[in-house]
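We did not get these values from a lab; they are worked out from the coordinates using the rules stated. Quick caveat, the model's predicted, so the values are computed rather than measured. Backbone-built Cβ (ideal geometry, glycine too); neighbour counts: all protein chains shown.
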Amino acid sequence: MARLAIIGLGLIGGSIGLALKRAALPDLEIAGHDAEWGVNRKARKAGAIDKEARTPEDAVEGAALTIIATPILQIRSVLQRIAPVLGEGAAVTDSASTMCEVLDSARELLPDHVNFVGGHPIAGKEHGGIDAADADLFQDQPWAISPALNATEQAIQSVEDMVTLTGARPAIIDAAEHDSYLAAVSHLPLVLSTALFSLASGSQAWPELAAVAGPGFRSATRLASSSPAMSHDISLTNKENLLHWLDRFGEELARFRKLIADGGNQEDLFEAFATVQAARDAFLEAPPEKPGPERPADKTSAGERMLAFMVGDFVVRRTKEMQKLMDDRESEAEEKRKRGGR
């Protein structure tokens, strides 16, 4: 059977497994590993994986495609552990919210015969864990892909096919651009949401504030319920881009403060609110095209291509193993002949 490995079985890893199992590819085994006790069993019972692996090394043994869905700062240690086990031509991808640092680690730690293809599914929930995993999580959502320079076309295609099978739309993007863009529209909102709730809940009047907090406050602070580990890792691995947008936001906040403080200039204040309202309404009514294919890709073709890549990897690996075995036996026979001729 062709094997696919998932390291990290939380919301993202578990959802990937569920989506791929729903695709019902023949002769595909999904091996999974999570460092947290009990998660492997939960993932198997939920139908996200076929085999519980005790270690990352066990999970990737014989896997043609490996997906690392751990917190960002754990990816480097995972790469270190699995690097000696990965077979010739194997593909490795990830699901981290930032790309540049992960690509640097892959370039440093993975052998030349392994293809790394950076990935980021731009989808999620404010609550994580295998219990929140959902096969529909990625449906029609963009999935950013940033291949390493030495990644083969076949490996890149296999990752794109895997993304297509989850229902997402693969979109090739430069890693530096990805980190800059996501800092503005994903990482900045995460910090602002957290800071707003921290400000309000830290007030001495919080009991009274909480009693009158309505849907607007709940919506604006929704992302404050995100995983602290994820928020921490994003802030450290995309620090410069995030600081840039925090500074820009501070300038915009100061502009609105000045408009509000200048009570005599009511027209400018009204215009500021009206301009933003019109821009946001237009965005909601006719959002820009999502990155990726204009039409949904054919999942049947994607599945066949991915399996072909995985089976091809298996054949190459087994051929090399058999060749090595034959060479070893020939060497042993030669040694015996030499000893017998003495």
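So here's what we get for this one:
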quantity	calculated
ILE67 being touching a residue at least 12 places away in the same chain (Cβ under 8 Å), surrounded by 16 or more Cβ atoms within 10 Å (Cβ to Cβ) and outside any helix (DSSP H, G or I)	yes
Residues (touching a residue at least 12 places away in the same chain (Cβ under 8 Å), assigned to a helix (DSSP H, G or I) and of a type outside the set (D, E, K, R)) located in region 208-231	PHE217, ALA220, LEU223, ALA224, SER225, ALA229, MET230, SER231
Check on SER186, hydroxyl-bearing (Ser, Thr, Tyr) and either surrounded by 19 or more Cβ atoms within 10 Å (Cβ to Cβ) or in contact with a Cys (Cβ under 7 Å, 6 or more places away or on another chain) (or both)	no
Which listed residue, of LEU73, LEU103, is within 22 Å of PRO142 (Cα to Cα) and either aliphatic (A, V, I, L, M) or touching a residue at least 24 places away in the same chain (Cβ under 8 Å) (or both)	LEU103
